1. Would you say D86 is charged (D, E, K, R) and within 14 Å of A27 (Cα to Cα)?
2. Out of the stretch 227-245, which residues are near the ligand (Cβ under 7 Å from one of its atoms) and part of a helix (DSSP H, G or I)?
3. I'd like to verify a number: residues in the stretch 253-273 that are within 16 Å of the ligand (Cβ to nearest atom) and either part of a loop (DSSP other than H, G, I, E, B) or in contact with a Lys or Arg (Cβ under 8 Å, 6 or more places away or on another chain) (or both), how many?
4. Please find, within the stretch 68-87, the residue that is nearest to the ligand (Cβ to nearest atom) out of those that are more than 29 Å from S250 (Cβ to Cβ) and buried (at least 20 other Cβ atoms within 10 Å of the Cβ).
5. Does the stretch 111-151 hold any residues that are out of contact with any Pro (no Cβ under 6 Å at 6 or more places or on another chain) and small (G, A, S), and which are they?
6. Return a yes/no flag: does the stretch 165-184 have any residue that is under 25 Å from F252 (Cα atoms) and either away from the ligand (no atom under 16 Å from the Cβ) or over 16 Å from the mean Cα position of the chain (by Cα) (or both).
7. For the stretch 137-218, please list each of the strands (runs of 3 or more DSSP E) lying entirely inside it that holds at least 3 residues being buried (at least 20 other Cβ atoms within 10 Å of the Cβ), touching an Asp or Glu at 6+ places or on another chain (Cβ under 9 Å) and in contact (Cβ under 8 Å) with a residue 12 or more places away in the chain.
8. Among A78, A29, which is the only one that is within 19 Å of the chain's Cα centre (by Cα) and more than 21 Å from D242 (Cβ to Cβ)?
Amino acid sequence: MTALPENSVVAVIGSGAMGAGIAQVAAAAGYRVKLYDTRPEAVSKALLDIGKMYGKLAEKGRMTAQQAQDATARLQPAASLSDVADAALVVEAIVENLDVKRSVFAELEAVVSEDCILATNTSSISVTAIAAKLRHPERLVGMHFFNPVPLMALVEVISGLATSADVAATVYDTAQAWGKMPVHAKSTPGFIVNRVARPFYAEGWRLLSEQAGDAATIDAVLREAGGFRMGPFELMDLIGHDVNFSVTQSVFGAYFNDPRFTPSVLQQEMVNAGFLGRKSGRGFYHYGEGASAPVA
Ligand code: NAI
């Protein structure tokens with residue numbers, strides 16, 4: 001098996017934090033990228049942000065001005081799902097919800113070619129379950145990137161029960177062609193990284209609710225003394241509390257309510273308040289215009 005050839009069309013469905021990062025990486029690697037989102041303004045923002053990122057990379061000498069220009073030219077918006085009919089690979093990075101993902105893949109299956117690979121960037125939902133309603137479940141695979149996509153090398157390539165070995169191998173090789181470090185994993189709840197990471201966040205929430213320390217103190221302890229790159233609260237602010245809460249609920253449910261994965265009511269409250277982290281300007285910390293002060 002080999003990677004999909006350069007210049008193949010990669011459709012990225014969902015143009016939020018992850019979709020934008022995936023599009024940036026794929027276009028920089030020579031692939032033609034179509035970006036879709038139910039909110040057209042998310043596509044426009046992603047295209048603008050990616051252009052700025054290429055500009056910065058060119059300034060730093062990490063790509064030439066010509067490469068930045070060429071990569072930008074390989075990106076284009078898709079106004080509807082039918083615009084991605086020529087995709088060789090679709091990477092879905094929409095809301096973390098099984099029913100919504102299933103319905104988007106059902107729509108996609110009706111427009112793409114028979115040999116198009118369908119990949120989901122889900123953090124936690126069963127790849128087997130997402131694929132189950134498709135006419136060709138063997139073509140669906142997990143392609144799980146990490147945030148921020150351009151900086152994080154790891155990609156979990158996740159096989160559900162029906163995923164064909166060829167499809168997983170092509171996605172693995174394609175991730176390598178994009179400069180990533182893929183690993184194969186099976187579709188267990190949370191896969192490898194989120195399975196291990198969930199109790200890290202859960203203990204953070206417990207420490208906070210027991211008033212062992214405030215969020216900034218717990219983060220500092222784990223970062224400075226614990227050797228973690230980020231503490232649990234700053235990391236959840238980066239992920240987005242809405243996304244992170246959905247992932248917690250999904251892993252908790254998938255393990256038949258194993259208490260190790262219990263969501264926190266405080267977590268729910270952050271989502272209720274709209275304190276979603278960096279993307280909303282406020283989570284445990286404030287973001288924008290030089291502010292980074294803890295709120296809890
Ligand atoms: P986000 O909230 O930044 O972006 C999601 C985008 O999907 C939004 O722009 C939204 O308008 C769009 N969308 C929602 N429903 C849609 C639909 N039916 N069709 C097309 N677009 C739709 O979320 P983020 O963080 O980019 O996460 C996306 C996916 O990636 C989720 O499955 C999440 O679990 C996964 N993921 C997230 C990571 C993170 O750190 N945030 C890390 C790895 C995976």
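Every number here is computed from the coordinates shown, using simple stated rules; none is lab data. Model, not experiment: these values are computed from the prediction. Every residue, glycine among them, receives a Cβ derived from its backbone with ideal geometry; neighbour counts consider all protein chains shown.
1. Criteria not met by D86.
2. Selection gives L238, I239, D242, V243.
3. 2
4. Residue satisfying both the conditions and the ranking: L75.
5. S113, A119, S123, S124, S126, A129, A132, G142
6. yes
7. 140-144
8. A29
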